[in-house]
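*Asks:* First the structure, which I've put down as C-alpha cells, then a few questions once you've had a look.
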Amino acid sequence: MVVLTGAGISAESGVPTFRDAQTGLWERYRPEDLATPEAFARDPELVWRWYAWRRELIGGVEPNAGHRALADLENRVPRFTLATQNVDGLHRLAGSRDVLELHGDISRTICSRERVTVDLEGLQGEPPVCPGCGAYLRPDVVWFGEALPVEAFEMAREAAHESDVFLSVGTSSLVQPAASLPDAALAGGATVIEINPEPTPLTPHADYALRSPAGETLPALLPAHGGA
Ligand code: NAD
C-alpha cells in the first residue's frame, strides 16, 4: 500500500492549504508568488517572514485523526509507504516512522548556497545569514520550480508502481511531479482511491473517490479497534 498526502490532511489540524483563502496580513499574496526561488531573490525578507509566520502557526497545531490512522496503518500493512507533500512534520508527530518527505520540512533551515542544515538558535536577521559562508538562510522546503529530493521521489515512484492499493489523500493533484505518482500506480495495476471533499484531475481516473474529510474517512477505513 502506498499513501500520498497533501495539504488537505492537515487542514483539520488548522494548517491552511495553499488554495484556502489566506488570512490577515498575508491575504494579498498568493503562495505561488512567495514560494519560489525568484520571490526569495527579489524580496528575501518578505519570503522569510511568510515562512516564519507559517512555522509559528504549524508549531502550535497537533496531528489529527487522519494522521493517526495512517500511523496505525503502517503497523498493520506489511509493505506500506507514506509519501507526503506536506512540510509540517505532522505525520512524524502522529507516530509514522518512515515518511518520504517530497517537499522538505519547514522546521529545518538550510544555507541557500551550501544547502547544509543550520541551527537558527542565536541567529538574528530576516533572513539570518549562514555562519559559514554569509549567504542567506532559507527554509528547507521545495519551492515551485525546484527539483524534489531525487532519492525520496524515486522510492515513492517505485513503490507506487509496485503497489496493490494507492491512496491519494487531501491533495489537489495539481503540483508536479508528485501528481504523477497515482499515474505510476495506475500503470502498475493498483486500485487507486482518492480521499478529498472536492474533485481533482485524478478523480476520473481513480477507482474510488471518497468525498469526505480525511480525518473522518481514514479512521473509518481501519478495522474496529481490536479487530482483525
Ligand atoms: P493544495 O492546497 O493544492 O490542495 C489541498 C487539497 O486538499 C484540495 O484539493 C482540497 O479539496 C483538499 N482538502 C481540503 N480539506 C480536506 C480535508 N479535510 N480532507 C481531505 N482533503 C481536503 O495542496 P497540495 O496538493 O498538497 O499542494 C500544494 C503544495 O503546498 C504542496 O507542495 C505542499 O508542500 C504545500 N503546502 C503544504 C502544507 C502543509 O505542510 N500542511 C500546507 C499548505 C501547502
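Values in this text are rule-based calculations from the coordinates and carry no lab data. Predicted model, so just to flag it, every value in this text is computed and none were measured. Because the Cβ atoms are built from the backbone with ideal geometry, glycine has one as well, and the counts that use them run over all protein chains shown.
*Asks:* Kindly check whether there is at least one residue in the range 36-58 that is more than 8 Å from the ligand (Cβ to nearest atom), over 23 Å from G145 (Cα atoms) and out of contact with any helix residue (DSSP H, G or I) (no Cβ under 6 Å at 6 or more places or on another chain).
*Replies:* yes
*Asks:* Considering only the range 74-83, I want to know if a residue exists there that is closer than 27 Å to D164 by Cα, in a helix (DSSP H, G or I) and within 18 Å of the chain's Cα centre (by Cα). If you could, list the steps in order and put the result at the bottom.
*Replies:* Initial filter on the range 74-83 (closer than 27 Å to D164 by Cα): 74-83.
Add one more test, that the residue is in a helix (DSSP H, G or I), and what stays is 74-76.
Okay, now just the ones that are also within 18 Å of the chain's Cα centre (by Cα), so 74.
Yes, there is a match, as at least one residue in the range 74-83 is closer than 27 Å to D164 by Cα, in a helix (DSSP H, G or I) and within 18 Å of the chain's Cα centre (by Cα).
*Asks:* Which residues, counting only those in the range 171-190, are closer than 27 Å to A65 by Cα and more than 16 Å from the ligand (Cβ to nearest atom)?
*Replies:* Scanning the range 171-190 gives A185, A190.
*Asks:* Of everything in the range 172-228, what is under 21 Å from the mean Cα position of the chain (by Cα) and acidic (D, E)? Give them in sequence order. Steps first, please.
*Replies:* We begin by selecting, within the range 172-228, every residue under 21 Å from the mean Cα position of the chain (by Cα); these are 172-185, 192-203, 206, 209-219.
Answer for the range 172-228, where residues must be under 21 Å from the mean Cα position of the chain (by Cα) and acidic (D, E): D183, E194, E198, E216.
*Asks:* Right, here's the next one. Out of all the residues in the range 52-64, is one or more of a type outside the set (V, I, T), assigned to a strand (DSSP E or B) and free of Cβ contacts under 8 Å to residues at least 60 places away in the same chain? Spell out the reasoning first.
*Replies:* Keep residues of the range 52-64 that are of a type outside the set (V, I, T), which gives 52-57, 59-60, 62-64.
With assigned to a strand (DSSP E or B) added as a condition, the list becomes none.
No - not one qualifying residue is present in the range 52-64.
*Asks:* Looking only at the range 137-170, which residues are of a type in the set (V, I, T), farther than 29 Å from L120 by Cβ and within 16 Å of the ligand (Cβ to nearest atom)?
*Replies:* From the range 137-170, those of a type in the set (V, I, T) are 141-142, 150, 165, 169; that's our starting set.
Restricting the remaining residues to those that are farther than 29 Å from L120 by Cβ gives 165, 169.
Residue satisfying the conditions is V169 alone.
*Asks:* Checking P213 against (1) touching a residue at least 24 places away in the same chain (Cβ under 8 Å); (2) more than 9 Å from the ligand (Cβ to nearest atom): exactly one of these is not met. Which one?
*Replies:* Failed condition: (2).
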